[in-house]
Amino acid sequence: MGFFLKSPTFIYDPAKGRFRSYLKVCTYRALQKRIGKDLRFRGTPLDEIDPEEVAIEQVWNDVWEQQQLRRALDEVRESMGQTRTFAAFELYVVFDQPAQCVADKLNIHLNSVYRAKEQITRLLQEKVLAMKEED
């Protein structure tokens, strides 16, 4: 039974562990079923490996954090709309354009680009922190 089959009735219980750990195990088991039991990891058949023991925790955590940041960025973008402040942040931080080029492109003062970066970064930090508290 995969996550999507169980998701309508799923109730998260923090006492049983982190949601991302649960999702990792679901993903691992789905891959195991999809690829087949003959596949081996370091010489051991997949069906004999405990997903909690697989040394992918750091990679899993990195991907999880990237997804949280992407979700936070989408939420901030949606709440702010297409303001010049958000556009300045996105061009300067996300697309790595030089601050002066961003200021020229948006017809704003250079300091406005730096303030946009500070403001949106603070909002993103707050959103990610709130997401981590939910986790």
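The values are calculated or read from the model by the stated rules, or taken from the named source; none is laboratory data. All of these numbers come straight from a predicted model, not from anything done at the bench. Neighbour counts are summed over all protein chains in view; Cβ atoms, including those assigned to glycine, are modelled from backbone coordinates with ideal geometry. Just the protein is used for accessible areas: all its heavy atoms, side chains included, with ligands, DNA and RNA removed. Shrake-Rupley method; radii C 1.70, N 1.55, O 1.52, S 1.80 Å.
Here each label is just a point 7 Å from Cα along the line to Cβ, and for VAL94 and LYS16 those points are 3.5 nm apart. Extension gain, THR121 to GLU75: 0.36 nm times the residue separation minus the Cα-Cα distance gives 15.3 nm.
With all protein chains in place and ligands, DNA and RNA left out, the 1.4 Å accessible area ranks LYS16, LYS24, LYS105 as LYS16, LYS105, LYS24, largest first.
Of the listed residues PHE10, PHE89, PHE95, the order by accessible area with a 1.4 Å probe, largest first, is PHE95, PHE10, PHE89. For the pair THR27 and MET131, the difference between a 0.36 nm per residue extended length and the Cα-Cα distance amounts to 35.4 nm.
Rounded to whole numbers, the Karplus 3J(HN,Hα) couplings from phi for the range 98-104 are x, 4, 5, 5, 5, 4, 5 Hz, using 6.51 cos²θ - 1.76 cosθ + 1.60 with θ = phi - 60°, and x at Gly and Pro. Below 8 Å between Cα atoms, with a sequence gap of 6+, how large is the relative contact order for the range 73-135 in percent? Reported relative contact order: 33 percent. In order along the range 65-79, phi translates into HN-Hα couplings of 5, 4, 5, 4, 5, 4, 5, 4, 4, 4, 5, 5, 4, 5, 6 Hz, rounded to whole numbers, per the Karplus curve 6.51 cos²θ - 1.76 cosθ + 1.60 with θ = phi - 60° and x for Gly and Pro.
Accessible surface calculations at 1.4 Å, restricted to protein heavy atoms, place the range 64-135 at 66 Å² per residue.
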